[in-house]
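Structure record follows, encoded as structure tokens.
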């Protein structure tokens, strides 16, 4: 009996290693492809800045101050794109590893989370790209001043690496933060929390959400409020989702 258990455990470890290797190879292949198209990805990520500058009829540029900075930036962009695109593949591999050990009803319960996780992550990225970054860039450009007699002009000279690091960090911060309904729903399914618990501790979660927004975003009100407000809405949605799960389980 112990031998069978040991063989089964080794078999699971072997399967897990196989799926991790597949995921890693897929990530490397995507990284190579992403690097080939890194210029296009770079232009896509820079577009919010370009749109904000053109909207004000400003002549601006992105600079780099070290010989290797542009090269490393393209590597970073390629890795970011590869990680972003390959995340659904990682989830599929995880699902294929877990699914054989689940009952039919457990599979049906977990499948919506498998779908919701990448969808919410991409939604968070879309909000950063199409809403938060344009507003934040306009906010920061508002601190520029023109040259006047006796006054030196203050003009933004953004670095390529710093701008791309900012937008990529925000995309991941929003994408991960938007997993809040998934996490709370899973905790409710295993009996750690319930809808009453979430309602009674709403004020504490509000404080935690604003604290998270302050930590994960730059020190400006646009990005902090831009992350906090969607998270508050997702928290309220989580309460409704948990309540629906409770009704379904009690039916």
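The values are calculated or read from the model by the stated rules, or taken from the named source; none is laboratory data. The model shown is predicted, which means the values in this text are computed figures rather than measured ones. Counting neighbours? That spans all protein chains shown, and the Cβs are built from the backbone with ideal geometry, glycine included.
Checked against the criteria, residue 91 counts as in a helix (DSSP H, G or I), in contact (Cβ under 8 Å) with a residue 24 or more places away in the chain and more than 27 Å from residue 49 (Cβ to Cβ). Checking 84, 89, 80 one by one, the residue that is buried (at least 16 other Cβ atoms within 10 Å of the Cβ) and under 30 Å from residue 190 (Cβ atoms) is 84 and no other.
Restricting 170, 164, 227, 186 to those that are part of a helix (DSSP H, G or I) and free of Cβ contacts under 8 Å to residues at least 60 places away in the same chain reduces the list to 170.
If you go through segment 102-113 and keep only what is assigned to a helix (DSSP H, G or I) and over 24 Å from residue 227 (Cβ atoms), you end up with 104, 105, 106, 107, 108, 109, 110, 111, 112. Just give me the residues in segment 128-144 being part of a helix (DSSP H, G or I) and either in contact with a helix residue (DSSP H, G or I) (Cβ under 6 Å, 6 or more places away or on another chain) or farther than 19 Å from residue 167 by Cβ (or both), in sequence order. Within segment 128-144, 128, 132, 133, 134, 135, 136, 137, 138, 139 qualify.
Does segment 10-28 contain any residue that is surrounded by 16 or more Cβ atoms within 10 Å (Cβ to Cβ) and at pLDDT 90 or above? Yes; the residues of segment 10-28 include at least one that is surrounded by 16 or more Cβ atoms within 10 Å (Cβ to Cβ) and at pLDDT 90 or above. When you go through (1) surrounded by 14 or more Cβ atoms within 10 Å (Cβ to Cβ); (2) farther than 15 Å from residue 182 by Cβ; (3) more than 14 Å from the chain's Cα centre (by Cα) one by one for residue 128, which number turns out not to apply? Going through (1) surrounded by 14 or more Cβ atoms within 10 Å (Cβ to Cβ); (2) farther than 15 Å from residue 182 by Cβ; (3) more than 14 Å from the chain's Cα centre (by Cα) one by one, residue 128 breaks only (3). The listed residues are 99, 81, 116, 66, and the only one of them that is assigned to a loop (DSSP other than H, G, I, E, B) and in contact with a helix residue (DSSP H, G or I) (Cβ under 9 Å, 6 or more places away or on another chain) turns out to be 66. Please determine whether any residue of segment 200-212 is closer than 22 Å to residue 121 by Cα and not in a helix (DSSP H, G or I). No, segment 200-212 contains no residue that is closer than 22 Å to residue 121 by Cα and not in a helix (DSSP H, G or I).
Yes/no matrix, rows are residues, columns are (1) out of contact with any strand residue (DSSP E or B) (no Cβ under 8 Å at 6 or more places or on another chain); (2) more than 24 Å from residue 47 (Cα to Cα); (3) at pLDDT 90 or above:
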| site | (1), (2), (3) |
| --- | --- |
| 185 | yes, yes, no |
| 209 | yes, yes, yes |
| 216 | yes, no, no |
| 223 | yes, no, no |
| 231 | yes, yes, yes |
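Examine segment 50-63 for a residue that is in a helix (DSSP H, G or I), surrounded by 15 or more Cβ atoms within 10 Å (Cβ to Cβ) and touching a residue at least 12 places away in the same chain (Cβ under 8 Å), and state whether such a residue exists. Looking through segment 50-63, at least one residue is in a helix (DSSP H, G or I), surrounded by 15 or more Cβ atoms within 10 Å (Cβ to Cβ) and touching a residue at least 12 places away in the same chain (Cβ under 8 Å).
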